[in-house]
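Read the structure below first, then the notes.
The values are calculated or read from the model by the stated rules, or taken from the named source; none is laboratory data. If you're wondering where the values come from, they're calculated on a predicted model, not measured in any experiment. Ideal geometry is used to build each Cβ from the backbone, glycine not excepted, and the neighbour counts take in all protein chains shown.
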Amino acid sequence: MVEVVETEKISKIIAPYLNLDGVDFVAIVDFEGSLIYKNASSDCIKSEEDLNELIKSVIERITDKYNAGSLYADNQRIVFVKTSSKAIVITCIQSMVSLDAIFPYAYVIAEKVGRTLDNRPVLPILPDFGRILTRVQPKKPTGPKGFFLFSKAKPTQDILSFKMVIGGEFAVGKTSLVHTFITGKFEEDYKATIGTAILKKDCVLNNLNVTVKLVVWDLGGQQQFAQVRTKYMKDAKAGFLVFDVTRPETFEKIPNWYDDFKKNADSSLELILIGNKVDLEDERKITTQQGIELAKSLGIPYLETSALNRDVVEETFQLIAFKLIQDKIEITET
Ligand SMILES: Nc1nc2c(ncn2[C@@H]2O[C@H](COP(=O)(O)OP(=O)(O)OP(=O)(O)O)[C@@H](O)[C@H]2O)c(=O)[nH]1
Ligand SMILES: [Mg+2]
C-alpha cells in the first residue's frame, strides 16, 4: 500500500496528459488495486463497478514479464505502465489512438508519478513527442474481449549503445549536468571544457527492463572550439541543447546549435532542449513558457534542470534513453 499520496503534485503531472487528444481517463493504483488517484476528461468510466472491473483486469495482467501493457475492451483501449514505486498508471484512450503514439507519453507519465511517490523532484511538463494521437488508425485486435500486451523490450546488444552530444554556449552547465548525472557530485568552480570530454554511463529504464549505454560527448562551449565541435557531432544519435535560464544570450544561440546538430549528427537524431540553473530563481531571465515555445518551434521536448541541486537531471537522461529505444519496443498481440 502506498501511503504518501501527493494528490496536488500528481494532479499537476497528469493535467497535460489528460489534455492530450484522445486521452479520456487516468487512474493510479497500487499493486493491491487500491485507488491512489483518478481523473477524467470524459465520462468513459461510468460507474464504480466499471472502474473496479478495469482495475482488476489490469492487476491480473501486470506480471513480472510485463511492466506495461494494453487491453482492448468495449471500444476503449486501456494502457497501463508500472511506475518505479509499486504503483500502476492506467489510462483509457479512445480506440482510434494508436499505441505507438500514446506509449511514450504513458511511459514518461509513469516515470514522473513514480518519482512523485518516491518524493523525488519532478517537473510537471509533459515532453512533446511530436506524434499526432488521434489521426492514426491502428489495427483493431479481433475478438470481443481481445487484449494484447507490450512485450518486454529486448533490443540487441548493438542498438543498446548510443553516442550522445551535449551542446550549448560556454558555462551553461553542460559538464555539471553530466557530472551530476554520472557521479552525483556538483562542482562550483568553472573549468571550461577544452575541446571535448567523453564519458560513459548506463541508463536503466526500470519499467522496461532495459539498460541503455550512453557514450556522452561533453563539448567545450567556448568560441575557440566552434570549428572542431561540429566534427564531434558526427554520428551522434542524441543530443542536449543546453542554455542557462539566467543568461538570455545562451537561449538566443540555441537555434544555431540546433542547426549545427542537424547538419552534422546522424539523421535519426533525438534532441532535448534544457533550461539549466533553475535554482537561481532571482536571477532568472528566461521563463518556462519561453523554453516550451522554443522547443515547440524546433519540434523537440523541453525540460528544466538544476545541476546544483540535482533537480530533474536523471530524468533528462532517462528521457533521452527512452527516446533512443522507443521505436524498438516490440508490441505483440497475445
Ligand atoms: N547555480 C547553478 N550553477 C550551475 C549549475 N550548473 C552549472 N553551474 C555553474 O556554472 C558554471 C559553468 O558550469 P560548467 O558545467 O562548467 O559549464 P559548461 O557548459 O560545461 O561550460 P564549457 O565547458 O565552457 O562549455 C560552473 O561554475 C558551475 O558550477 C546550476 O544548475 N546551478
Ligand atoms: Mg564543460
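Within the stretch 175-194, the set of residues being more than 7 Å from ligand 1 (Cβ to nearest atom) and surrounded by fewer than 13 Cβ atoms within 10 Å (Cβ to Cβ) comprises Thr183, Gly184, Lys185, Ile194.
Here is a yes/no grid of residues against (1) within 23 Å of Val212 (Cα to Cα); (2) modelled with pLDDT under 85; (3) surrounded by 19 or more Cβ atoms within 10 Å (Cβ to Cβ):
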residue: Tyr66; (1), (2), (3): yes, yes, no
residue: Gly69; (1), (2), (3): yes, yes, yes
residue: Lys86; (1), (2), (3): yes, yes, no
residue: Ala101; (1), (2), (3): yes, yes, yes
residue: Ile109; (1), (2), (3): yes, no, yes
residue: Gly114; (1), (2), (3): yes, no, yes
residue: Asp128; (1), (2), (3): yes, yes, no
residue: Val136; (1), (2), (3): no, yes, no
residue: Lys152; (1), (2), (3): yes, yes, no
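Give the residues of the stretch 218-241 that are buried (at least 20 other Cβ atoms within 10 Å of the Cβ) and within 15 Å of ligand 1 (Cβ to nearest atom), sorted by residue number. Matches in the stretch 218-241: Asp218, Leu219, Gly220, Gly221, Arg229, Tyr232, Met233, Gly239, Phe240, Leu241.
When each of Ile300, Ile320, Ile292 is tested for being assigned to a loop (DSSP other than H, G, I, E, B), assigned by TED's automatic domain parsing to the domain that holds Ile182 and aliphatic (A, V, I, L, M), the lone residue that passes is Ile300. Just one residue in the set Lys285, Lys253 is away from ligand 2 (no atom under 15 Å from the Cβ), closer than 14 Å to Ala171 by Cα and at pLDDT 95 or above; that residue is Lys253.
Within the bounds of the stretch 202-212, is there any residue that is within 16 Å of ligand 2 (Cβ to nearest atom), of a type outside the set (Val, Ile, Thr) and modelled with pLDDT of 80 or more? No, the conditions are met nowhere in the stretch 202-212.
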